[in-house]
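I have placed the structure first, in the form of C-alpha cells, so that the comments after it can refer back to it.
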Amino acid sequence: ASVDEASAGLNAATTQRGFAELRSEVDGVVTERLISPGVVVGPGQAILKVVEVSPIRLQANLPRQDLLRIRVGDKATVSDSRQATSGKEVMITSVSPTVDPRSRMGMAEALFPNLQGEFAPGQFVSMTIQVGKSQRRLVIPSSAVIDESRGVEVLSYAWVATPSNGDFTVRRQEIVVGTRSNEFSEI
C-alpha cells in the first residue's frame, strides 16, 4: 500500500511539473509578459506574447495616393534606421485594401527571411518601394504643393502663372501628385 501511495505521489508531482513548463508554438522572442510570476492561471489564458523573428514581417504605412500605385510583387529595399543593416531587397507580399479614414494611411507588407537576425520586432526601418517605370513628368518644388482636407479626401493644389499682356496672371489649379520627396513633387 505504501508503494502504491508513493507511486501516486510521484505521478502527481510529475504532472504538476509538466504544468510548470511553457512551450511556444513558434520560435521567437518574448516581447511581453502578461502575467506576473506566482499568479495561478487557467487553461487557455495568455501568459506571454511571443513574436516570430524568422521570417519577419516588415510593414510600411503609406499615404493613399502612394498605396494605389503599389502591387504585390513590387521590389523594395529595407534598411534599419541606424543604417547598421545595409539595404536588403524584399518583395511586397500584401497591400492593404483599406485606408484608415483618420490618418489616410494604408499598409504594405514584405516578408524577410531574417536568418541572421538583421531586424528585430518593433524596430523602425526605412522601406523604399520601386513602383512603375520612370517617365518624363512635370516636377515642382514640394513646398509649392498645397494639400487641403475635404472630409476623408485630400486635394492638392498649386498656383499656376500664365502670361497676360506682358504681366502674369496666377490661379489656383487642382493637381494630382505622383512621387513626392522633401524637395520635389511629381505632377
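The values are calculated or read from the model by the stated rules, or taken from the named source; none is laboratory data. If you're wondering where the values come from, they're calculated on a predicted model, not measured in any experiment. When we count neighbours, we look across all protein chains shown, and the Cβ atoms used for this are built from the backbone with ideal geometry, even at glycine. Accessible surface areas use protein heavy atoms only, side chains included; no ligands, DNA or RNA. Shrake-Rupley method; radii C 1.70, N 1.55, O 1.52, S 1.80 Å.
In loop segments of region 101-187 as defined by DSSP, the trypsin sites (Lys or Arg not before Pro) with at most 12 further C-beta atoms inside 10 Å of their C-beta are R102, K133, R136, R137. Here the dipole of region 1-147 is about 1020 debye; that uses its Cα centre as origin and unit charges on the Cβ of Lys and Arg (positive) and Asp and Glu (negative).
Of the residues F119, F168, ranked by 1.4 Å probe accessible area with the largest first, the sequence reads F168, F119. Among the protein heavy atoms of the chain, carbon and sulfur supply 52% of the accessible surface, probe 1.4 Å, non-protein parts ignored.
The simple spin-label model puts a point 7 Å past each Cα toward its Cβ; for Q123 and T15 those points are separated by 4.6 nm. Each of S2 and V145 was given a label point 7 Å from its Cα along the Cα-to-Cβ line. The distance between the two points is 8.7 nm.
For the chain, the longest principal axis of the C-alpha atoms and the axis of helix 2-20 are separated by about 10°.
Compute the normalised compactness of the chain: alpha-carbon radius of gyration over 2.2 N^0.38 Å, N being the residue count.
Numbers: Rg = 27.6 Å, N = 187, 2.2 N^0.38 = 16.1 Å.
Dividing the Cα radius of gyration by 2.2 N^0.38 Å gives 1.72.
Residues within the reach of a label modelled at E25 (point 7 angstrom out along Cα to beta-carbon, backbone nitrogen below 19 Å), restricted to region 39-69, are 42-57.
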